[in-house]
Amino acid sequence: MEAYLLEWANLFFRWFHVIAGIAWIGASFYFVWLDNSLENPPQWKKDKGIGGDLWAIHGGGFYEVAKYKLGPEKMPENLHWFKWEAYTTWLTGMTMLWIVYYIGAESFLIDNSRLELTQWQAIGLGMGYIAVGFAVYEMLVKTPLRHNGKAFGLVLFSFLVFMAWFASEVFSPRGAFIHVGALIGTIMAGNVFLGIMPSQRALVEAVQRGEAPDPKYGAFAKLRSTHNNYFTLPLIFIMISNHYPMTYSHELNWLVLSAICFILAFARHFFNLRHRGEFKPSILVIAVIMMAGVAVWIAPKPVEVNEEAVAGFTDQQGMAIIQARCASCHAASPTQAGFASPPAGVMLETLDQVNLLKPKLVEVINSKYMPLGNLTQMTEEERQQVIGWLSK
Ligand code: HEC
């Protein structure tokens, strides 16, 4: 019953998280596009302090958008802020982290072959990881280094590569990926909460006092917003990566993650340039080539069947191993605590069910992705036997 209720909580918060995330990233994409597409306004608008304008058509209506150089003369009655999208995405994301990875730490976060942890130790390590990573970013962004985009990018990227490596040393592969994602998401929400919002409040206060706002506020908000812009594509990859074991079950999964995130941030650069009117397709071509390189690099190695191990091996023996090592989770009614239904819809209770999924089973056992976190302690010999048996 408890596991069943948890599945509903999982469904609800995931749904909420995705919707809030669409609203946040959607608004962010829209405003980046807007900023980069502004045109030189006519004189009468310039006289009012408008720095750029544009026309658009959407949903059957014409829109005229104008951006003030600094601020309007008088505060409008209604000012839309766009902040709850970010906060809601972060709060629901953290809730998902608890529901999936902390309550289910034994299955999803802890990998005893990397580091033996109790549930509470793993949770403490996870929360500490996010807090420390976030604090380091906040320190970095306040140093003068932030004025040098390339150098800052290099230092920040190196730090995140280190964090990815560290996570892969202490957490399960999936747990490591999600912690890097949670760290980046926290940095992004922090940029809104600690950087962009205070700057905007200072802007509004200056306009209310009838003063010209200090351009430094706008500039600092813009810098943090630019960082968020480059984080978006990698972050969304990390969020969906848990459906793709080929990415996180690689031995050097931290390097796979770093490479893919680098390529995606690089691809984001193409769109940023294009919005500004610079068209550099070579960036996308290079990104695609690099991604193909990653695909070749992490391709599964051909399975080596140990003939000796499988000589005379029967279906009954094969099923006995599957029963012992897989079926506690992969059953119509799992007996493993925390599972209310067969994970990924995969049931492995009968020979027919196993036969239907042979190539997939070989893949997940060979890459050591299954049994999840090797919770059921499958031995190396059993792996060899089952792979040989399934490949016959
Ligand atoms: C502790 C519980 C547990 C055990 C034991 C376990 N699995 Fe899984 N399995 C899962 C979960 C959870 C998922 C879904 C993972 C995901 O969504 O990434 C899964 C997914 C799978 C998938 C689908 C993967 C995909 O890419 O869609 C296969 C196939 C699979 N398991 C096979 C096995 C085999 C074979 C064994 C035994 C050697 C095994 N599992 C043992 C929990 C378990």
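General observations
- Relative contact order (%) - criterion: Cα under 8 Å, at least six apart; region: the chain: 15
- Kirkwood radius, the chain, all distinct C-alpha pairs, inverse of mean reciprocal distance: 24.1 Å.
- His275-Glu39 pseudo-label distance in nm [points 7 Å out on the Cα-to-Cβ vector]: 1.9
- Paramagnetic reach from Lys69 (point 7 Å along Cα→Cβ, amide N under 16 Å) across region 40-55: 40-53
- 10 Å Cβ shell holding at most 14 others, DSSP loop, chymotrypsin sites (Phe, Trp or Tyr not before Pro): longest site-free stretch of the chain: 82-278
- On region 91-297, 70 percent of the accessible area sits on carbon and sulfur atoms, based on a 1.4 Å probe.
- Sum of -39500 (n - 2.57) over DSSP H runs of 4+, divided by residues of the chain (222 nm, nearest 500): -20500 deg cm²/dmol
- Net charge dipole, the chain: roughly 1620 debye, given to the nearest 20, about the Cα centre with Cβ charges of +1 for Lys and Arg and -1 for Asp and Glu.
- Projected label points at Val285 and Asp352, each 7 Å from Cα along the beta carbon direction, are separated by 5.4 nanometres.
- Furthest towards positive pole of dipole, Met163, Asn272, Ala292, structure part region 91-297, Cβ charges: Asn272
- Taking only protein heavy atoms and a 1.4 Å probe, the accessible area of region 6-45 is 73% carbon and sulfur.
- Within region 91-297: Cβ-based charge dipole about Cα centre, in debye rounded to nearest 20 (Lys, Arg +1; Asp, Glu -1): 800
- Extension reserve of the Gln317-Val18 stretch, reckoned as 0.36 nm per residue once the Cα distance is removed: 103.3 nm
- The value of relative contact order for region 307-391, using C-alpha pairs under 8 Å at least six residues apart, is 36 percent.
- Too-long pairs where the Cα-Cα distance tops 27 Å, listed order kept, from Lys48/Lys142; Lys45/Lys74; Lys45/Lys142: Lys48/Lys142; Lys45/Lys142
- Along the axis of the charge dipole computed for the chain (Cβ charges of +1 for Lys and Arg, -1 for Asp and Glu, origin at the Cα centre), the listed residues Ile103, Ala219, Val18 are led at the positive end by Ala219.
- Contact order normalised by residue count of region 239-374, Cα under 8 Å, 6+ apart, percent: 18
- Neighbour-limited loop hits for trypsin sites (Lys or Arg not before Pro), region 146-225 (at most 10 other Cβ within 10 Å; DSSP other than H, G, I, E, B): Arg209
- Ordering Trp44, Ser113, Asn148 by the projection of their Cα atoms onto the charge dipole of region 1-151, which places +1 on the Cβ of Lys and Arg and -1 on the Cβ of Asp and Glu, puts Trp44 at the extreme positive end.
- Straight-line cross-link partners of Lys358 among the lysines, defined as a Cα under 23 Å from its Cα and at least 8 positions apart when in the same chain: Lys301, Lys368, Lys392.
- The slack in the chain from Leu91 to Glu205, taken as 0.36 nm per residue of separation less the alpha-carbon distance, amounts to 38.2 nm.
- Rg ratio for region 111-187: its Cα radius of gyration over 2.2 N^0.38 Å, N being its residue count, equals 1.20.
- At least 18 Å along the helix axis (C-alpha) and Kyte average at least -0.5, DSSP helices within the chain: 2-37, 119-141, 149-170, 173-190, 215-241, 253-275, 281-297
The values are calculated or read from the model by the stated rules, or taken from the named source; none is laboratory data. Here the structure is a predicted model, which is why all the values come from computation and not from measurement. Ideal geometry is used to build each Cβ from the backbone, glycine not excepted, and the neighbour counts take in all protein chains shown. Accessible surface areas use protein heavy atoms only, side chains included; no ligands, DNA or RNA. Shrake-Rupley method; radii C 1.70, N 1.55, O 1.52, S 1.80 Å.
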